[in-house]
Every structure is written in structure tokens, then in C-alpha cells.
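The values are calculated or read from the model by the stated rules, or taken from the named source; none is laboratory data. It should be emphasised that the depicted structure is a prediction, and the values quoted were computed from it without experimental measurement. All Cβ positions, glycine included, derive from the backbone under ideal geometry; neighbour counts span all protein chains shown. Note: areas computed on protein heavy atoms with side chains; ligands, DNA, RNA excluded. Shrake-Rupley method; radii C 1.70, N 1.55, O 1.52, S 1.80 Å.
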Amino acid sequence: MAKAQVQLISEEGLRHDGRRPDELRPIRMKVGVLSNADGSALVEFGKTRVIAAVYGPREPIQKYMVLPDRAVLRVRYHMAPFSTSERKSPAPSRREIELSKVIRESLEPVLLPEYFPRTTIDVFIEVLQADGGTRTASVTAASLALADAGIPMKALVGGVAVGKVNGVLVLDVDEVEDSAGEADLPIAAAPDIGLITLFQLNGVLTRDEIRAAVNMALKAIEYIVEKEKEALKAKYEF
Amino acid sequence: MPSSQRRIVAPGDELDPKVEAKEPYVVEVGGKKVATVVGLLDYKGQKPSYIPLEAVYIPKPGDVIIGLVTGIGVTNWFLDINSPYQAVLNIQDFLGRPFNPATDDPARLLKIGDYVKAKVLAFDRTRNPLLTVQEDGLGRITEGKVITISPAKVPRVIGRKGSMLNMIQEETGCDVFVAVNGRVHVKCENEDLEDIVIVAVKMIEREAHKTGLTDRIRRLIREERVVRGV
Amino acid sequence: MSVTPFRLPTIPLYKKETIMNLIAKGLRLDGVRTPESPRSVKVEVGVIEKAEGSAHVRLGNTQVIAGVKIDVGTPFRDTPDQGVLTVHAEFVPLASPLFEPGPPDENAIELARVIDRSLREVGAVDLNALAIRPGEKVWIVWVDLYILDHDGNLFDASMLAAMAALLDAKLPYYEEIETGEIVLDRSKSEGPLPVKHRVVTVTLAKIGDYLIVDPDFEEESVADARIVLAFDEQGRIVGAQKTGPGGLTTADLEKAMDLGWRAAEVYFKALDEALAGKTGGS
């Protein structure tokens, strides 16, 4: 689909909000934000704000939903009706169903489900405010909430989206850049084990552009996961 | 009090290869020892040790635990043992003789909401853990209070060679039993003392990773006793 | 809510070893293919006369039918001068013991959305040419994917079917009557649906340290993860999705783009053969 050409990169090479192409928005992370959940986290990338809660491992409420040799992971990605400019219907959309799946599959590579057979680990994610990059912020929040719940993980996962705007690759796209951009490449990864665990492309890129975008994202994710570790350790300050 | 001998590690952090593997909290990933939960790396002993600060309780045969009765079946009770797995206690075991449904009413023996001190008889993860009360000191808890804490904090409440627990008991004269599943049974002369112990245990749970905790807990107990006049 | 699959068939433990040992020798379970080659692929167009476009694809034992239906409707508010393209997938229960009747599950939704995005982003169908009265009446193009037999790699088979059906599709003849209504006569045609770009997807499965092209059902079942890459004819990547519970390294991704493009050329050739003698696209 041809997109209206909007000028989003200035002559100085800066973005509409003044960021450099490889600059993240201000990131905030906090764990243990909910009292009932076994683990929880609040994550902000600029105006994008996501909260995640983890319950489990626990006996499943639907008793048939089990595996005899490992835990089952259940993930729900959901957007609050007030999170977008126009009210979003609270009923799950096809987009939310797909994103719940890719987020689940971005977390499974780091879990050790074989230690908790016949249980479920539930991850509930609510997007409180959407300003681009909600799925990658969700992966980041879910990873933190799992760690806060004491669920053993081989590594933490973090995510960020790289976009292409006016022919330039830009890190951590917001809504303006996402809707006017030529491509959006959300990526999640576990840097400690060197795995990309979420990878989607919405748009058109050459192989060289994909290479550059992946490098840009992975560098940022290393920083994001470091921030996750800081947030987890902050709960236990000496 | 930052200490070079202790530091907090996060999931995915590589650990000193001398740290003992302790599944699922320390596992090998690609030939490296890795922490899987937030934990405390302590270099104080002869070799570095890793203490998980977050954990879930997985029953082991022989564990003495405290369960909360949550359901009554035809021949057994179901107990919440602060674990992903619900435990089962057979009525026959509780009675110590065959169960006769015509004369024995399980609802009169144990009620929903009762705490029971029991031993894990069997657990293989394919079926629910099975409990027994057929040993001295086990059975329904009739006195005192029970609180639930994170199972990861149990070793801290007990302390090195029981030092923390002994101190609490000496300072208060209370009888305190710390079950491995994160349930603490407190039995004292009066409720005020019980409340003091509970405040102390909650503080240990919150500050388990900090040093000098035994002295601070002792001070807390003494101050609370003055405040409450007990 | 997305849940770890808990009703998958049990695959014998040795199977993964066997598959990996074969790949190490450059072989596959079927004894015919190399790790880099897709299964035999057959594309047939015009299989459903009632549809404006249709195709039947066989990729090994996997079979998919795509039907294109075209109606007149109102455009979306943010794109008043464009037609509408909608992709929908049904995993009908006759295709696999794993499929149950009911609304599309997350796998069907994911499949449809990946194909939708890969067609949409590159502008495969010229939506700008599908306005009848801009802002009021436009062509609505429905692509319905029907999985008939599931032996793995539903993405590639479905994308081939969708692409072939779109290339096969004709716009129905229409007349504007006095009231301004548009009346269709489906027995006649206005000409082919304007298709500007051809797109195929190539799916690669990661099994242990290996990457293989076009996994069949057994290979998918033991795979750690899959990567779906959509290519246009210039070799640009016009869509991508990692699917399945595992992860990929950057080296995997690099190799996938390389092997994927080679397999894409095989798929494009199958499309060409199916459409030989037809004028697909404008």
C-alpha cells in the first residue's frame, strides 16, 4: 500500500521527537507493582506503558490444560479500551490473538518448564497506553514479571522495534513513525543465550537493511536487558 | 551496606564455576553455570554459594510442612501447601486405622481452614503429593498462629546453624516452627508475643539479603516488647 | 489467551536424532530431498468456477485451496480511494486430527495475518486501481484459504494458493443503475484483478543446529522454531515471522535469507507454470 510521504527525519538527521535514529525513548521499569500476583512489572518506552502479571506455577483451573512432563505457559496480550486514541473494543481482536501467540513463543525459549510438570504459568499483559512498540514492551514486561515471580529462566528477554522512516532505519518507533513508516521490524531476544525469540516484519526491506536493523535492535536489547537486571536487583538493595 | 563479598545476581547472569549446581536455580547453559532466579552470590565461605531469593516450594518426601485444608473428598482432604501442587491427606492416615464412612465424618475431624502439620510421604510430580500425620508432633494445629512467607526465605528465618531461630525463641520464649514450604507456626504465652514474632519474621523475609540481620531483629524484638509492655 | 500446545501427537524420541543425523549427511526423512529443497509443488488455478479466482496447491502431501471472491463495498475511512483486501484462513477439521470445528484459532489467525501483511506491504494487489466511485464504492477482495490436508508448512502452501488465486482472479462485470447502485454480472468480466507484484513465502525449520527448507509435519513437530520469510520477485523481504517455541541466532537468520531466496525461486517457477498461457497481472 502506498503510504503518504510524511517528512519525519529532519535535515540534521533527527526524528520528529528530536531523537537520533539509533536512540531509544526514555525507558522506565519497575517490578513488584501488584500485590496479588506472584510477579509483576510496569514497563514504559516513552508514552507506551504496559503492565504484566504472572501467576504460577499453579494447578490449572481447566484441569485438562496440562502436559505430563512440563508446565504449560499461557499468555494474554490485551489492550485497555482507553489505551488508544479511539476507544478499543475490549473483546480480543485478531491482532491481539496473534500477538499473544508470538509473545508466548518469545518467552518459551528461556523457560525451564520441565521442572514444573502438570502446572500452568500464566502471564497477563495489559497495554495501558499505546504509542508504538507495545508488543516489544510487553515481552520486556513479561520477562520481568516472570523473574519477579521466581520462575526459573535461562536468560531474560527484552524487545524493541526497528522501523524504516523516509528511507532511514530508526530504533524504537513510536506510533507516528509506525503509521507513516515504510517498515516495522519488532524483535525480542535473550542476549545471554544469543537467541532471537521474536521476529516479525511488517513492510519491505532488503537483506542488507534487515541485517542492519537486527544489529541495531540487538544492541539496544542488550541495554534493555541490563536495565531489566537493574530493576530486579533494585528490589534487593543492600 | 554494599559488600564486595555479596552481590545480587539476576536470571541469565553467569556464576563462578565453583558455585554448586542447584537445579532449577543454578543450571548449566552452553557449558556455563547460570543463575535462573534473582539470588544472592556469597563469597564468604570456602567456595562461593548462591542463595535464590525467589523460589517456589516443590515437595520432597520427608519434608515436614504445614498445609491448609481447602477441600474434603470421599476418602481424603486436599491441602494447600504453598506450592504449585495441592497435597492429599488420606482420612485413614489421619485416623491411624481403616476409615469407615458410616461412622467417621471427615468434616468433623478436619475442617476447611484448619492448618495441619504433616510429613510428605511420597511425591513424584505425576500425582499429587501424599501426606502423613502418623508421627509424633504431627496433626491438626490447635494453638498459636501460622503465617506464610516465600519458601526462598526459609533458610534465612532459620539462620546459620539455627542461629536466627534460636535467638527469636530465646528473646520471646515462644515456640517457633519453620516449615520448608514457607509456613511458620508461632506459639507463645500471649498474642502480643505472637504478633512480635510475626513482625520479626516478615522483616526477615523482606530483608533476607541484607547483612547484620540477626542483631537488627533482636533489637526489633526488644523494642517491640517495651512498646507493647510484654 | 495463547497456550502452549498440549494436545500434539507424541513423536518418538529417536525421531529428532534420526532427522538430525540425516540432515548432517545432506538428506531428509523422505529419502528424496536435500535440506535446502522444498517438496514437489503443484499449483493449479481456476479450480472453483463460482469464485472470481481460485487455486489448488499441493506441497508434498499438504493441500490448500484458495478462493478469491470479489464484491462491491464501502472503503475504509482512512483509505477512501482504495479497494479492500482481506485474507482469512480456515483450518477445517477434515485436514488433520489436530483441527477442531470452531472459529479460527491462533494458528489460523497467525497464518492469515502473515499472508495478509506480506501481500499488503509490498502492494501485491493494486488497491488504488480498485476504486469504483472513490470514497463511496470500491472493490472488496476476499481471499479465503482452506487447508485440506496438513502435512506441514501451511504458510508456503497457503501463500502460493493465495497468490495463484489472485493472479487467476477477474473483476466481475458491473453496471451502475439510475439509483446509483452497482449491479454485478458475474458471468462476464471487467478484466483481471490488477496484481502488481508476486510474493511467495519460504518457511525454514530449525532443528538442533540445522536449518531446513519446507518442513513436513514430522519435521515441524521436532523443530525448535520456524522462520517464515516472504519474498517479492526482486528478492526483497516483504514480510517475516518467527513462529514456534524456540529462538534463532543471527547466523540462522543470515542462512535463512540465503536458503529462503533459493527456494523462493522454485516457488515462483511453480507459479509461472500454473499460469502459463494466462495473463496474470497488469
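Of note:
- Matching option when the condition is modelled with pLDDT of 95 or more, away from chain B (no Cβ under 14 Å) and under 26 Å from B:Ile8 (Cβ atoms), among A:Val204, A:Val160: A:Val160
- Note on the stretch C:129-140: among residues that are more than 13 Å from chain A (Cβ to nearest Cβ) and touching a residue at least 60 places away in the same chain (Cβ under 8 Å), the one that is surrounded by the fewest Cβ atoms within 10 Å (Cβ to Cβ) is C:Gly135.
- Filter pass, B:Ile141 being touching an Asp or Glu at 6+ places or on another chain (Cβ under 8 Å), away from every other protein chain (no Cβ under 14 Å), touching a residue at least 24 places away in the same chain (Cβ under 8 Å) and open to solvent by less than 50 Å² (accessible area, probe 1.4 Å): yes
- Selected residue (criterion: least open to solvent (accessible area, probe 1.4 Å)) from residues of the stretch B:77-106 that are farther than 27 Å from B:Ile147 by Cα and small (Gly, Ala, Ser): B:Gly96
- Identity of the residue in the stretch C:201-253, among the polar types (S, T, N, Q) and without any contact (Cβ under 8 Å) to a residue 60 or more places away in the chain, that ends up nearest to C:Thr34 (Cα to Cα): C:Thr203
- Yes/no for B:Ala200 being buried (at least 19 other Cβ atoms within 10 Å of the Cβ) and part of a helix (DSSP H, G or I): yes
- Test: residue in the stretch C:172-194 that is in a helix (DSSP H, G or I) and not β-branched (Val, Ile, Thr): no
- Strands (runs of 3 or more DSSP E) (entirely within the stretch A:33-111) containing at least 2 residues that are in contact with a Ser or Thr (Cβ under 6 Å, 6 or more places away or on another chain) and charged (D, E, K, R): A:72-79
- Filter pass, C:Glu49 being out of contact with any helix residue (DSSP H, G or I) (no Cβ under 8 Å at 6 or more places or on another chain) and open to solvent by 20 Å² or more (accessible area, probe 1.4 Å): yes
- Elements of the type strands (runs of 3 or more DSSP E) sitting completely within the stretch C:205-282 and holding at least 3 residues that are within 12 Å of another protein chain (Cβ to nearest Cβ): these cover C:225-232, C:237-243.
- Listed by first and then second residue, the pairs linking a residue in the stretch A:157-184 that is of a type in the set (Lys, Arg) to a residue that is part of a strand (DSSP E or B), with Cβ atoms under 6 Å apart and 6 or more places separating them unless they lie on different chains, are A:Lys164/A:Ala183.
- Residue match in the stretch C:92-115 (condition: open to solvent by less than 50 Å² (accessible area, probe 1.4 Å), hydroxyl-bearing (Ser, Thr, Tyr) and within 13 Å of another protein chain (Cβ to nearest Cβ)): no
- Applying a threshold of 7 Å to beta carbon distances and a minimum spacing of six or more residues, or different chains, the list of pairs starting in the stretch B:84-108 at a residue that is assigned by TED's automatic domain parsing to the domain that holds B:Ser150 and ending at one that is assigned to a loop (DSSP other than H, G, I, E, B) is empty.
- The residue list C:Asp126, C:Asp149 contains one member that is facing another protein chain (nearest Cβ under 10 Å), surrounded by fewer than 23 Cβ atoms within 10 Å (Cβ to Cβ) and in contact with a Leu (Cβ under 9 Å, 6 or more places away or on another chain), which is C:Asp126.
- Residues of the stretch A:135-147 that are open to solvent by less than 10 Å² (accessible area, probe 1.4 Å), in contact with a Leu (Cβ under 8 Å, 6 or more places away or on another chain) and touching a residue at least 60 places away in the same chain (Cβ under 8 Å): A:Thr136, A:Ser138, A:Ala141, A:Ala142, A:Ser143, A:Leu144, A:Leu146, A:Ala147.
- Being acidic (Asp, Glu), open to solvent by 30 Å² or more (accessible area, probe 1.4 Å), in the same structural domain as B:Pro84 (by TED's automatic domain parsing) and more than 26 Å from B:Gly39 (Cβ to Cβ) is a property that B:Asp136 has.
- Note on the stretch B:148-161: residues that are in contact (Cβ under 8 Å) with a residue 24 or more places away in the chain and surrounded by 17 or more Cβ atoms within 10 Å (Cβ to Cβ) amount to 9.
- Given (1) of a type in the set (A, V, I, L, M, F, W, C); (2) open to solvent by less than 10 Å² (accessible area, probe 1.4 Å); (3) touching a Ser or Thr at 6+ places or on another chain (Cβ under 7 Å), index of the condition A:Leu195 fails: (2)
- Evaluation of A:Ala190 against the conditions (1) more than 8 Å from chain C (Cβ to nearest Cβ); (2) crowded, with 24+ Cβ neighbours inside 10 Å; (3) farther than 23 Å from C:Ile237 by Cα shows that the sole unmet condition is (1).
- Residues in the stretch B:162-197 that are in contact (Cβ under 8 Å) with a residue 40 or more places away in the chain, β-branched (Val, Ile, Thr) and more than 26 Å from A:Gly150 (Cα to Cα): B:Ile168, B:Thr172, B:Val186.
- When every residue of the stretch B:107-124 is checked against the conditions, at least one turns out to be open to solvent by 60 Å² or more (accessible area, probe 1.4 Å) and under 30 Å from B:Lys22 (Cα atoms).
- Residue satisfying all of: in the stretch B:29-62; out of contact with any strand residue (DSSP E or B) (no Cβ under 9 Å at 6 or more places or on another chain) and more than 9 Å from chain A (Cβ to nearest Cβ); farthest from B:Ala10 (Cα to Cα) among these: B:Gln46
- Scanning the stretch A:80-129 for residues that are of a type in the set (A, V, I, L, M), touching a residue at least 40 places away in the same chain (Cβ under 8 Å) and surrounded by fewer than 21 Cβ atoms within 10 Å (Cβ to Cβ) yields A:Ala80, A:Leu112, A:Leu128.
- Residue count, the stretch C:115-144 (criterion: closer than 17 Å to C:Ala165 by Cα and touching a helix residue (DSSP H, G or I) at 6+ places or on another chain (Cβ under 8 Å)): 8
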